[in-house]
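Structure, as structure tokens:
The values are calculated or read from the model by the stated rules, or taken from the named source; none is laboratory data. Computed from a prediction, not measured in an experiment: that's the story for all the values here. All Cβ positions, even for glycine, are placed from backbone atoms using ideal geometry, and neighbour counts span all protein chains on display.
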């Protein structure tokens, strides 16, 4: 930051600029968007998990009132060209996506046909009479079967092994000689993102202009643009993607999905705008699943509890048509399994398996199983060694003296503070006081528990993810516009970037109008997600603001005939230092820059427009410690969270209110994931949880008050900001699981993963004989 | 199927429309009246994003058919905003406490919280959470939402006790005029 | 094969809004199986929206003011079928005379649901995990069913025959439900995954003691566990005549679920339901006895 303008807004809890329109019902979400003449789409979907399409008759549907068209893969085949994601790059192992089922169906919910009609009501009427004959076949639903079975989910790939990793280590002797060796199979069940707004788009192909316009609920408009341009063989600059307000995404809206492809193709064939708004049942059924994986982990420790080695065999159920790439997160789990500890040796194997279930998509911290598994194992080691879980972590955590540290998996750790957050979380939760309270409660027949979770969060900014762009314009009348390639959908970017610019230009954030999400206007960006906004977007905004500041100073020198060294920026003006009256407003400077260009010195370009792109370091790490206390009702299996504490370090914070909000949302998803949310299939591959009656999201009664502590270790980034948006979801599941396990330990109950709904809790108690 | 004539009041304005029976109140408000502040998060009556007031009572507009609203007075989130365009105290509190991120659930929460507090102005922390449990949020973890509702409860209580204190003091002083002026000043405070 | 269950806009129907019960009955008689009555809509509309069921005709009962009332006289509280759940929750008469009904109301869903839902709708819908059917069975409520053929009264004990199934004929409308006074001691408890969810297991109890604090009647109903709410008759009989101080509520609860056949679904298996129901039954017996003895 410039030394001349004080940080008035960066670091402060500035109220959001997004809020007034959202609070008054004047946000503009995709379902609010009207394109004149638009038609409405509904999908016909497979009712079975696997089968061959023996007949597909859309003739009756085509005749239904108000139905404009019914398309199947046959209609799309010749116009749908191979395409791939710019963000992930072309993955030779990934299955290219076809918009609709092509002769066979691979999961219950697989889209078979798209009906386009005058209204959604009429499209659904049409969908009901599409006649599909399916020869249902036995599906592959679980990892074991997927690996053994002759049934192949994707025949064109030829194997159900979507991905695998073999990274052995020389550890025989270590395990043989270790004082303690523990082995556990940690299970994580299938749960899903559930943004409150599902997917949706309006696609409009105008052949006369040769232009495709897509209004979409997306997290990455430029990604959608290039993906769809390739799909139709259009030059990218003939495709425009526009996002308005978007009701959450959590990864589901980062990449283009099959239904979205179908909608674009339908518009292309009809030369009419086609709209599809995903309903909740579709979103749960087919919007992209996540999290279903497990690992058998062995950990070796010495007599003092120091970790010596780990062996991890990780398997994942990635479903069918999984994304991004193959849908596997094995690489991330491998890289970060050691976490913020000194773990000298690790061997890792992974198998990602296709099944006839809905495919994976990215979901907030897709690789977070590394923390879920490792933090549970830390408590397993603690119980084996008789050490307190806090003490065990203290013995193993990376301290400042250890840094920089390269992990057994080659990750370089620096600028992190896991030991500090561990101590701060322990202090905030009153660790020793709780242990006393716990003992007293046990004596009275009540079961309280405490869980810790310590992790580092990688912010991936390598390659295509490493740069964001910002354009700053001051209009001829003096108003400021900030135009960025971001795709904020709850991350408060409109506010945080305005804070950065406001500090640099000495104006108020309210004076800045923010524009994002329109590929015709905004600079290219890799989308919003993956915790990188504070790194790349803030960097771009900061650079652009610095350039504008310099430009304003030079124009002011000309207008005021005062040297820049005697000028300062404040109050939305440039003025002589210490004399606010002796200056010029931005409006006056803009007037000079735009309206009287000939009078400008030769070395000042007319106008007030600058642009900049940030380049981020290849990776950045944040870290945090979660601590959670619970009470378990051993009669009903209900878990009540008593207190929840997060000590986090994301470097300098642009807006602590926004940081805490991101943590809270992630924690709620972890709490929900462990205690309530479960995406269930029956033995035939039929989904059983496709409404909110059965897929249970946490409400205000299930998420406790969250208490925060902040540690600040600046990043090697502009402003020292680091990202953190996924962290809440990463740290929370094991904190809750460990707390339940700690509560039930005296009963001998072993908790080895999730789900942990009341029936599972009672079952664990019963299995220990603790009736 | 035959369309029916519907006459209702929406946000203080009389509305007449021909509606198909199966058109939900939510879709009527959004599609026919272009009041798109009411959102659809599930369309099966669980998430609360579609909450509106019908004759003052908060209901899920996806679970009512528009035609059932004959003669009713409906208030959507847009109708909460006074002519001045200022945020209501509930809305301002949501903003101050960071009770929204993506904003999709927000109108449902604002309408529900407004109705909840009108009916029950004094709630414990647990009662606040119970009262809000019919609305789902996926972004905020409910932290700012709960704090916002609690802060409105406190502010309204402070304003009304200020009003009572002023009126009481004036009465003690024995002057009706002063009592009225005090109440008016306190009401001005409460409304700000 | 069709795409059922993946749709959220209802199939088309004709809409009727009669203003008297007789009009409604005539319409129901005319259209038979093709018609469905619409009360609060909180259960029916999602079913229609998801196209799990469809009807050619919907007969809206919300325009019949004669069906909304709470009337108390002679030890009986009469509740009109279309009385809104929120109104029942606010009713002084209900609170004083049938407090179990008031307590149950607070557990129904969320206040937005209770602002539209009706007692007649809930009882007719007969969800085995719903609170009102459980209270009706526990308190031996009487249910009036009207049709063009006249009105008949059914005891709650005979009314619920299975999940979402009752003895009401397709052309009958539930018009009134009647409760005796149950003021001495009552309690309801349920185990739901979240506040306001349908119960995975629940118990309701009402108890009357004589002057010597012996049990004159103990009513114990279980819900959420099987295909309909049930009374724990054997446990009730065993408690009859026993001094309140000699009763072990936990044992009564265990007796109540002995041999109880429970359902399994995605939320809980039968074993869980039975176990938790027994625990909750013990709790409500304890609380009801406590209230009856000490007020």
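Quick look at the numbers
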{"quantity": "Criterion (modelled with pLDDT under 95 and surrounded by fewer than 20 Cβ atoms within 10 Å (Cβ to Cβ)) met by exactly one of C:14, C:4", "calculated": "C:4"}
{"quantity": "Single unsatisfied condition, residue A:414 versus (1) under 22 Å from residue A:709 (Cβ atoms); (2) in contact with a helix residue (DSSP H, G or I) (Cβ under 6 Å, 6 or more places away or on another chain); (3) surrounded by fewer than 21 Cβ atoms within 10 Å (Cβ to Cβ)", "calculated": "(2)"}
{"quantity": "All positions within segment B:22-59 that are on the phi < 0 side of the Ramachandran plot, away from chain A (no Cβ under 11 Å) and surrounded by fewer than 22 Cβ atoms within 10 Å (Cβ to Cβ)", "calculated": "B:32, B:33, B:54, B:57"}
{"quantity": "Selection count where residues are within 12 Å of chain A (Cβ to nearest Cβ) and at pLDDT 95 or above, scope segment B:1-18", "calculated": "1"}
{"quantity": "Matching residues in segment A:58-74 - criterion: being buried (at least 20 other Cβ atoms within 10 Å of the Cβ) and either in a strand (DSSP E or B) or touching a residue at least 60 places away in the same chain (Cβ under 8 Å) (or both)", "calculated": "A:58, A:61, A:67, A:69, A:70, A:71"}
{"quantity": "Which numbered condition residue C:163 misses (of (1) in contact with a strand residue (DSSP E or B) (Cβ under 6 Å, 6 or more places away or on another chain); (2) in the same structural domain as residue C:105 (by TED's automatic domain parsing); (3) farther than 23 Å from residue C:60 by Cα)", "calculated": "(1)"}
{"quantity": "Total residues in segment A:676-715, condition under 18 Å from residue A:735 (Cβ atoms), within 10 Å of chain B (Cβ to nearest Cβ) and buried (at least 21 other Cβ atoms within 10 Å of the Cβ)", "calculated": "5"}
{"quantity": "Check on residue A:55, more than 10 Å from every other protein chain (Cβ to nearest Cβ), buried (at least 19 other Cβ atoms within 10 Å of the Cβ) and assigned to a strand (DSSP E or B)", "calculated": "no"}
{"quantity": "Residue that is farthest from residue A:133 (Cα to Cα), among those in segment A:36-52 that are more than 14 Å from chain B (Cβ to nearest Cβ) and assigned to a loop (DSSP other than H, G, I, E, B)", "calculated": "A:37"}
{"quantity": "Breaking point among (1) in contact with a strand residue (DSSP E or B) (Cβ under 9 Å, 6 or more places away or on another chain); (2) more than 25 Å from residue C:22 (Cα to Cα); (3) in a loop (DSSP other than H, G, I, E, B), for residue C:193", "calculated": "(1)"}
{"quantity": "Qualifying residue in segment A:94-114 (condition: farther than 20 Å from residue A:359 by Cα, in a strand (DSSP E or B) and facing chain C (nearest Cβ under 9 Å))", "calculated": "no"}
{"quantity": "Residue ID - farthest from the other protein chains (Cβ to nearest Cβ), chosen from residues in segment C:39-69 that are touching a residue at least 60 places away in the same chain (Cβ under 8 Å) and on the phi < 0 side of the Ramachandran plot", "calculated": "C:67"}
{"quantity": "Residues of segment C:57-67 classified as in contact with a strand residue (DSSP E or B) (Cβ under 8 Å, 6 or more places away or on another chain) and surrounded by 18 or more Cβ atoms within 10 Å (Cβ to Cβ), total", "calculated": "7"}
{"quantity": "Residue that is in contact with a helix residue (DSSP H, G or I) (Cβ under 6 Å, 6 or more places away or on another chain), in contact (Cβ under 8 Å) with a residue 40 or more places away in the chain, more than 30 Å from residue A:468 (Cβ to Cβ) and away from every other protein chain (no Cβ under 14 Å), where the choices are A:555, A:559, A:630", "calculated": "A:630"}
{"quantity": "Given (1) surrounded by fewer than 24 Cβ atoms within 10 Å (Cβ to Cβ); (2) part of a loop (DSSP other than H, G, I, E, B); (3) within 11 Å of chain A (Cβ to nearest Cβ), index of the condition residue B:95 fails", "calculated": "(2)"}
{"quantity": "Check on residue C:278, within 14 Å of another protein chain (Cβ to nearest Cβ), assigned to a strand (DSSP E or B) and surrounded by 20 or more Cβ atoms within 10 Å (Cβ to Cβ)", "calculated": "no"}
{"quantity": "Some residue of segment A:720-727 being within 14 Å of chain B (Cβ to nearest Cβ), closer than 30 Å to residue B:40 by Cβ and assigned to a loop (DSSP other than H, G, I, E, B)", "calculated": "yes"}
{"quantity": "Selected residue (only one of B:115, B:125 is within 13 Å of chain C (Cβ to nearest Cβ) and surrounded by fewer than 24 Cβ atoms within 10 Å (Cβ to Cβ))", "calculated": "B:115"}
{"quantity": "Which numbered condition residue B:71 fails, given (1) part of a loop (DSSP other than H, G, I, E, B); (2) within 14 Å of chain C (Cβ to nearest Cβ); (3) surrounded by 17 or more Cβ atoms within 10 Å (Cβ to Cβ)", "calculated": "(3)"}
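One line per residue, one yes/no per condition, for (1) on the phi > 0 side of the Ramachandran plot; (2) within 14 Å of chain C (Cβ to nearest Cβ); (3) surrounded by 15 or more Cβ atoms within 10 Å (Cβ to Cβ):
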residue	(1), (2), (3)
A:597	no, no, no
A:605	no, no, no
A:614	no, no, yes
A:620	no, no, yes
A:636	no, yes, yes
